[in-house]
Amino acid sequence: MAHGGSLGELRAANLALVISILEQAGPMSRADLMRRTGLSRSTVSSLVVQLLEHGALVEQVDRGTPYKGRSGRPPILLELASVTGVVAGVDVGHRHVRVALARPDSTVVQERSTSLDVDDSPRESMDRVATLLDELLAESGHTRADVRGVGLGIPGPVDHEGRMTSGILPTWRGLRPADELAERTGLTARVHNDAHLGARGELAYGAARGHRDVIYVKASTGIGAGLIVDGQLVKGATGIAGELGHVQVDVNGVMCRCGSRGCLETEVSGPKLVGLLQPAYDERLTIPRILELAESGDPGANRALNDSGRRIGRVLANIANLLNPEQVVVGGTFGAAPALLAGIRDALDRYSQPTTAAAISVLGGALGERAEVMGAIAVALDPPRMVVDR
Ligand SMILES: [Zn+2]
């Protein structure tokens, strides 16, 4: 994937411009397209050729308006081809794979998730994704040829080239998940970190809809974030912005799997919470069980969730001071736990600037654990590749 003002990115931006003008203004001639876009004749001509080749545009003869052509040829209008088929969103978590199919207007037509342990085998996870995708396509009366785009979320840092970058998921390091999917399905995917996709999902379809400055926190097995600044997801120089779980909170803390020490994730995470509470309970605790206990008013579970929220919130307070967000939207397994949200709220009030804190709403994500798969659908629908990369 091109980035950073490269020729590829410029071309993508020009393609998106052409498509959006045709969407808004309807069919028009090449000359009108030149006037509307302000692009040169040769640029418009080359973009149009690409779009025609990919079936995104169709030519039609303009018989509606009189013309003065001496050659006797009526003008040709360019029109967007109606987009059919489906896009796929894929969310690969530490313990699950979720796949959804949506129409081009983003209405979900099929969705299913299955549990697994990704940390052990990325190849097995991608096998499961391929199987699930084929099942959903068959059930909805589609084939792989109907898939117009795929968004794929992975629970670890993914660089601009779609490669897994650090030791956070050791068995995935250096792998290109898009290649793994293409090998199994022949489909081209846009790959992103799962918390980035969660942010995109909540921004497009959930709690952050209509907001421009949002910190999305994914609180699950690990802790991740997607930072939305002025309506755009911040990707950073190498694509891995938002590594909230690896903000150092204790210089002398325990070693983290990322190679640093005392990261937030070494103090707060799903497994840490289980470890913290287990000695006080006779039954074998799991994350879902802890959430159940909290919901039924269990003081220990709520205290532990509240403390976790405070630890996360203390880090968020610093980020809030820098970014001045309107919302902190918490998704992932723990996003719906009121005690955790209350802890975050308290820490923001205590540790960020008073006016900064006053501007922030803290709320659970509206999409819950579906935020990532919906973000994957949003990414699959991003112009211009949805119509260009067939
Ligand atoms: Zn770390």
> With a Cα-only, solvent-free Debye model of the stretch 7-80, what are the log10 I(q)/I(0) values at q = 0.19 Å⁻¹?
Replying inline: -0.77
> Could you give the distance between the Cα centres of the stretch 227-275 and the stretch 315-388, to the whole Å?
Replying inline: 15
> Separation of the stretch 195-211 and the stretch 72-138 by C-alpha centroid, Å?
Replying inline: 18
> At each listed q (0.13, 0.16, 0.21, 0.23 Å⁻¹), what is the log10 of I(q)/I(0) that the Debye formula gives for the stretch 175-276 modelled as equal alpha-carbon point scatterers?
Replying inline: -0.59, -0.83, -1.08, -1.13
>> What percentages make up the Cα-Cα pair-distance distribution of the stretch 123-226 when the bins are 5 Å wide from 0?
In response: 2, 12, 19, 20, 19, 15, 10, 3, 0
> Taking a quarter of the surface of the convex hull around the Cα atoms of the chain, what do you get in nm²?
Replying inline: 22.5
> Computed on alpha carbon atoms, what radius of gyration and Dmax characterise the stretch 209-366, expressed in Å?
Replying inline: 15.4, 49
>> Springs between alpha-carbon pairs under 10 angstrom, Gaussian network model over the chain: which of V92, V44, V214 fluctuates most?
In response: V44
> Expressed as a rounded percentage, what relative contact order does the chain have, with Cα pairs under 8 Å and six or more residues apart?
Replying inline: 17
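Laboratory data are not the source of any read-out in this text; all were calculated from the coordinates shown. Source: prediction; values computed, not measured.
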